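K.L.:
I have a structure here, written as structure tokens, and I will follow up with some questions on it.
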Amino acid sequence: MLPEIKTILLAMTPINELRGTIPLAMGLWNLNPFKAFSLAVIGNMIPVFFLLWLWPSLSGFLIKKSRLAQNFFSWLWQRTYRKFYKKHSLYGDLALILLVAIPLPFTGAWTGTVAAFLFKIPYQKSLSLIFLGVVIAGIVVTLASLGIFSLI
């Protein structure tokens, strides 16, 4: 499989997203930093389009059909709400951008879609805010992969 396709597909995954993809693309698959960054951003954003649209219908359907899904979504929403509510109240839209941009475990575009759904942020606005967060995260990870932060 081509490194470019691997980069896009790997960036689409929920745990890895672009945080793990950019270093792999640059180090293992020898993609230049701009190409690794661009492809990882594209890959990271692909699920966002669908998740923002899908969460309301999917969660409602699964909750009605499965106790396990009900427990999972309850846990996911409580956790996201708890972590995001105070920040959203204080910082507004900037909170969603930062939730996506900060390259820590369980933050990122996938978590951002859950937060946007929970806080009923409109689709287009969510898409824009999450995109900004993904770009910021991509820049941070790319610079870190290049060793820029080790110079500071």
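K.L.:
With the structure loaded, tell me whether residue 144 is touching a Leu at 6+ places or on another chain (Cβ under 8 Å), surrounded by 15 or more Cβ atoms within 10 Å (Cβ to Cβ), modelled with pLDDT of 90 or more and aliphatic (A, V, I, L, M) or whether it fails that test.
P.N.:
no
K.L.:
Further, regarding this structure: Looking only at the stretch 50-84, how many residues end up being under 21 Å from the mean Cα position of the chain (by Cα) and either exposed (fewer than 13 other Cβ atoms within 10 Å of the Cβ) or among the charged types (D, E, K, R) (or both)?
P.N.:
First, the residues of the stretch 50-84 that are under 21 Å from the mean Cα position of the chain (by Cα): 50-59, 72-84.
Keeping just the survivors that are either exposed (fewer than 13 other Cβ atoms within 10 Å of the Cβ) or among the charged types (D, E, K, R) (or both) gives 50, 56-57, 74-75, 78-79, 82-83.
Selection size over the stretch 50-84: 9.
K.L.:
Given 114, 134, 140, which one is touching a Pro at 6+ places or on another chain (Cβ under 9 Å), of a type in the set (A, V, I, L, M, F, W, C) and touching a residue at least 12 places away in the same chain (Cβ under 8 Å)? So that I can check it myself, show each step before the final result.
P.N.:
Numbers: 114 fails: touching a Pro at 6+ places or on another chain (Cβ under 9 Å); 134 fails: touching a Pro at 6+ places or on another chain (Cβ under 9 Å).
None of the other options fit; the residue is 140.
K.L.:
Let me ask something else about it. Touching a residue at least 12 places away in the same chain (Cβ under 8 Å), surrounded by 15 or more Cβ atoms within 10 Å (Cβ to Cβ) and among the β-branched types (Val, Ile, Thr): does that describe residue 102? Write out each step before concluding.
P.N.:
Working: touching a residue at least 12 places away in the same chain (Cβ under 8 Å): yes; surrounded by 15 or more Cβ atoms within 10 Å (Cβ to Cβ): no; among the β-branched types (Val, Ile, Thr): yes.
Spelling it out, it is not the case that residue 102 is touching a residue at least 12 places away in the same chain (Cβ under 8 Å), surrounded by 15 or more Cβ atoms within 10 Å (Cβ to Cβ) and among the β-branched types (Val, Ile, Thr).
K.L.:
Quick test for you: out of 125, 87, 120, pick the one residue that is more than 12 Å from the chain's Cα centre (by Cα), at positive phi and not small (Gly, Ala, Ser).
P.N.:
Working: 125 fails: at positive phi; 87 fails: at positive phi.
120 is the lone residue from the list that is more than 12 Å from the chain's Cα centre (by Cα), at positive phi and not small (Gly, Ala, Ser).
K.L.:
Looking at the stretch 21-32, is at least one residue part of a helix (DSSP H, G or I) and within 30 Å of residue 118 (Cα to Cα)? Let's see the steps before the verdict.
P.N.:
Within the stretch 21-32, the subset part of a helix (DSSP H, G or I) is 21-27.
Right, trim to within 30 Å of residue 118 (Cα to Cα) and you get 21-22.
Checking the stretch 21-32: at least one residue is part of a helix (DSSP H, G or I) and within 30 Å of residue 118 (Cα to Cα).
K.L.:
Does residue 100 satisfy the condition of being closer than 17 Å to residue 48 by Cβ and assigned to a helix (DSSP H, G or I)?
P.N.:
Numbers: closer than 17 Å to residue 48 by Cβ: yes; assigned to a helix (DSSP H, G or I): yes.
Yes, satisfied.
K.L.:
If you don't mind, another one. For residue 103, work out the one condition from (1) at pLDDT 90 or above; (2) touching a Lys or Arg at 6+ places or on another chain (Cβ under 6 Å) it doesn't fulfil.
P.N.:
Against the list (1) at pLDDT 90 or above; (2) touching a Lys or Arg at 6+ places or on another chain (Cβ under 6 Å), residue 103 comes up short only on (1).
K.L.:
Find the residue count for the stretch 114-139, including only residues that are surrounded by 14 or more Cβ atoms within 10 Å (Cβ to Cβ) and modelled with pLDDT under 95.
P.N.:
7
Rundown of residues vs (1) within 17 Å of residue 88 (Cα to Cα); (2) among the polar types (S, T, N, Q), yes/no style:
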| position | (1), (2) |
| --- | --- |
| 107 | yes, yes |
| 119 | yes, no |
| 125 | yes, no |
| 130 | yes, no |
| 134 | no, no |
| 137 | no, no |
| 142 | no, yes |
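K.L.:
Pairs please, first residue from the stretch 14-38 and surrounded by fewer than 17 Cβ atoms within 10 Å (Cβ to Cβ), second anywhere and among the aromatic types (Phe, Trp, Tyr), Cβ atoms under 7 Å, 6+ apart in sequence or on different chains.
P.N.:
Correct list of pairs: 14/110.
The values are calculated or read from the model by the stated rules, or taken from the named source; none is laboratory data. Note that this is a predicted model, so its numbers are computed, not measured. Neighbour counts are summed over all protein chains in view; Cβ atoms, including those assigned to glycine, are modelled from backbone coordinates with ideal geometry.
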